[in-house]
Amino acid sequence: MATSELIEALQALAHERKIDEFYLIERLEASLAKSYQHILDLEWDARVTIDRQTGHIYVYELVPVGEPDEETGEYAEFEERDVTPDDVSRIAAQNAKSVISSIVRDAGRQSIYEEFSDRVGDLVTGTVLQGTPDFTIIKIRDGVEAELPHYDVKRSNGERNERPSNEHYRHNQRIKVLIIEVRDPNSDAPRARGEQARPPIVVSRTHPDLIRRLFEIEVPEIYDGVVEIKSIAREPGARSKVAVASREANLDPVGACVGPKGSRVRMVVEELRNERVDVIQWNDDPAVYVANALSPAKVSHVTIDEPNHYATVVVPDDQLSLAIGKEGQNARLAARLTGWHIDIKSASFSSMLDGFENELIDEDDVEDDDFCIYVGEDGSRCRNHARPNSRYCGVHADLDEA
């Protein structure tokens, strides 16, 4: 390629891709300098200049002059020695292809970052393009792709997992996802493994705000701000709890979210692949709020210990298993939703401890075979019965595996 043809090609590409022409040439000069230093086996660094008019290429070796700085060991002045080879244009053409490809790729990622960096937290609909063992590629629109990570934590420790365990996607399937990150190509932060070959947008199907955005679509009162989602607790793919409140006294927030015959919440559940969603009413009274959060279980009484942020809940005997839930799921989600540590007791067990609800239980006063051995940060011991063949109750069952 003749030097004049090279400069014309760079100018045409810069105009087509909307890239600054001088930036493109400067990147090519820097790349050529590294290449010529290696090809010509130069002792010192090289500098390359490309004439902006004729496209002629000049290669100089930067030979240091004088003595180096005593502290840094670097030279302050250099003498440029012309070492331009005869076949300079051929080598430049080879480098131009890789440099241009790199610049175009970086420019594309920068353009996507500028467009989507302000849209973190937005719900978008995409089409599944392909899946790998570690992530699924989703097409948001022409020229823009996103990554839905679902790494195996046993194989890739520390990697994020944004796919519910009950979901698997097929080619061309349409799904709604939440944008949780847009990678900055100019960031100095440590890069993710293989980031350059992966889409710059990261999306999620497990984030609690996915439920928030879905309700905004299905419930006009939430979109208009009449009904507010106060809190969300979620175990992706299994069950979620959503606390809602109304800014109008005569409007039932739970009824607005559930919809006629459950039509509104049903649309959310279908989008979440039949994940169970409980909508409960928020209340500024912690006792009422905790009782609502344990729905569908019926609560007899709630005692609040505000200094320790501890709530003791008494339920009828036939409601105990429902209040705790399968493997403690209902109680666990209620605790996350309200932010209170919840201790659930049956009515019969509570009567045995009548008058001692707010006192700490000494470990020596109970049999390990009967009660959960979990002790909270405040020194209080869990008052729930232990599960069969376990030292912990259903709420703290996950500690039994540790």
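Data overview
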{"read-out": "Coil-residue trypsin sites (Lys or Arg not before Pro) of the stretch 231-333, DSSP, other Cβ within 10 Å capped at 10", "value": "none"}
{"read-out": "For the stretch 132-142, Karplus couplings with θ = phi - 60° (6.51, -1.76, 1.60), whole Hz, Gly/Pro x", "value": "10, x, 10, 6, 10, 8, 10, 8, 8, 7, 4"}
{"read-out": "Net charge of Cβ neighbours under 14 Å - reference Lys34; Lys, Arg +1; Asp, Glu -1", "value": "-3"}
{"read-out": "For His301, distant residues with modelled amide H under 5 Å away", "value": "Val314"}
{"read-out": "Distant-in-sequence amide H partners of Asp343 (H built 1.01 Å from N, under 5 Å)", "value": "Ala311, Thr312, Val313"}
{"read-out": "Whether the stretch 40-126 is rounded, prolate or oblate, judged on the alpha carbon gyration tensor where a/c under 1.5 counts as rounded", "value": "oblate"}
{"read-out": "Total formal charge among the other residues, if their Cβ is under 13 angstrom from that of Pro253, Lys/Arg +1 and Asp/Glu -1", "value": "-2"}
{"read-out": "Per-residue ³J(HN,Hα) for the stretch 37-49, Karplus 6.51 cos²θ - 1.76 cosθ + 1.60, θ = phi - 60°, Hz, x for Gly and Pro", "value": "4, 7, 5, 8, 6, 7, 6, 10, 5, 10, 9, 10, 10"}
{"read-out": "Accessible-area ranking of Leu322, Leu42, largest first, probe 1.4 Å", "value": "Leu322, Leu42"}
{"read-out": "Local electrostatic count, Val63, Cβ distance below 9 Å [Lys/Arg +1, Asp/Glu -1]", "value": "-3"}
{"read-out": "Phi to ³J(HN,Hα) by Karplus 6.51 cos²θ - 1.76 cosθ + 1.60 over the stretch 99-104, Hz, x for Gly, Pro", "value": "5, 5, 4, 5, 5, 5"}
{"read-out": "Sum of -39500 (n - 2.57) over DSSP H runs of 4+, divided by residues of the chain (222 nm, nearest 500)", "value": "-9000 deg cm²/dmol"}
{"read-out": "Sequence-distant lysines (8 or more away, or on other chains) whose Cα lies within less than 29 Å of Lys345", "value": "Lys230, Lys241, Lys298, Lys326"}
{"read-out": "Carbon + sulfur, % of accessible area of the chain - ligands and nucleic acids excluded, 1.4 Å", "value": "45"}
{"read-out": "For Ile180, distant residues with modelled amide H under 5 Å away", "value": "Gly121, Val202, Val203, Ser204"}
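The values are calculated or read from the model by the stated rules, or taken from the named source; none is laboratory data. Note that the structure is predicted; figures quoted are calculated from it, not measured. Here the Cβ is made from the backbone with ideal geometry for all residues, glycine too, and neighbour counts use every protein chain on show. The protein model used for the area step is the full one, side chains on, heavy atoms only, and it has no ligands, DNA or RNA in it. Shrake-Rupley method; radii C 1.70, N 1.55, O 1.52, S 1.80 Å.
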